[in-house]
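The values are calculated or read from the model by the stated rules, or taken from the named source; none is laboratory data. Keep in mind that what you see is a predicted model, and the values were worked out from it rather than measured. Note: ideal-geometry Cβ built from the backbone for every residue, glycine included; neighbour counts use all protein chains shown.
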Amino acid sequence: MDKGQKRFSAVGKLLSSPYATLVSRLVLGGVFLFAGAAKIFDPGSLAASIRTYELGLPEWFVSASAHALPYLEVLLGLYLLAGLFTRTSAWATNALTTVFFLALLQGAARGLEIDCGCFGSSAGETSNLWLAAARDVGLLILGLHIALAPLGRFSVDALLGRGRPEAPYRP
């Protein structure tokens, strides 16, 4: 085995570690829980933030999203923190993060100077949309890690014997 293969094998073992999966779950779950909780009591502000992206979405969709999205984020965050429905929750957060990323990217490309609305209202302050998009790439990487890595022993799913069991990494 050459030096490059050994490095790849070491990275694979690290990413397959139940501790790495736990850290990814805690970070992503915590971010989603915090983001949802920050927006849950002010759907009007979230609707206003969605409108500032100027996407031409129907008003019924903006209103429904502003009311439902925070609850979905809290639910997904709790599932990830507990390790319950882990893969489904990870893929759902990946889908949401991708939508958020695309919205941020188009806003940044058009030069919009707006509050991203990611963590609730910032009292009219503008966000750096490029930085918010970069943050979403990091969250997407965590979500993909959770979705593709072995479950790990530190989850409710592992206790219930759900999903693909933890297995040692083999190149």
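Considering only residues in segment 145-154 that are hydrophobic (A, V, I, L, M, F, W, C) and closer than 14 Å to Leu26 by Cα, the one that is modelled with the lowest pLDDT turns out to be Leu151.
Pull up segment 64-81, narrow it to residues that are of a type in the set (Gly, Ala, Ser) and buried (at least 16 other Cβ atoms within 10 Å of the Cβ), then point me to the one that is nearest to Phe32 (Cα to Cα). Show your work before the answer.
The first filter runs over segment 64-81 and keeps only residues of a type in the set (Gly, Ala, Ser), leaving 64-66, 68, 77.
Now narrow it down to the ones that are buried (at least 16 other Cβ atoms within 10 Å of the Cβ): 65-66, 77.
Details: Ser65: 16, Ala66: 15, Gly77: 5 Å.
The selected residue is Gly77.
From the list Leu112, Leu84, Leu96, the one residue that fits, being modelled with pLDDT under 95 and under 23 Å from Ala149 (Cα atoms), is Leu84. For segment 41-74, filtered to residues that are modelled with pLDDT under 95 and of a type in the set (Val, Ile, Thr), the residue that is farthest from the chain's Cα centre (by Cα) is Thr52.
State yes or no: is Ser16 modelled with pLDDT of 95 or more and among the polar types (S, T, N, Q)? So that I can check it myself, show each step before the final result.
Details: modelled with pLDDT of 95 or more: no; among the polar types (S, T, N, Q): yes.
So Ser16 fails the test.
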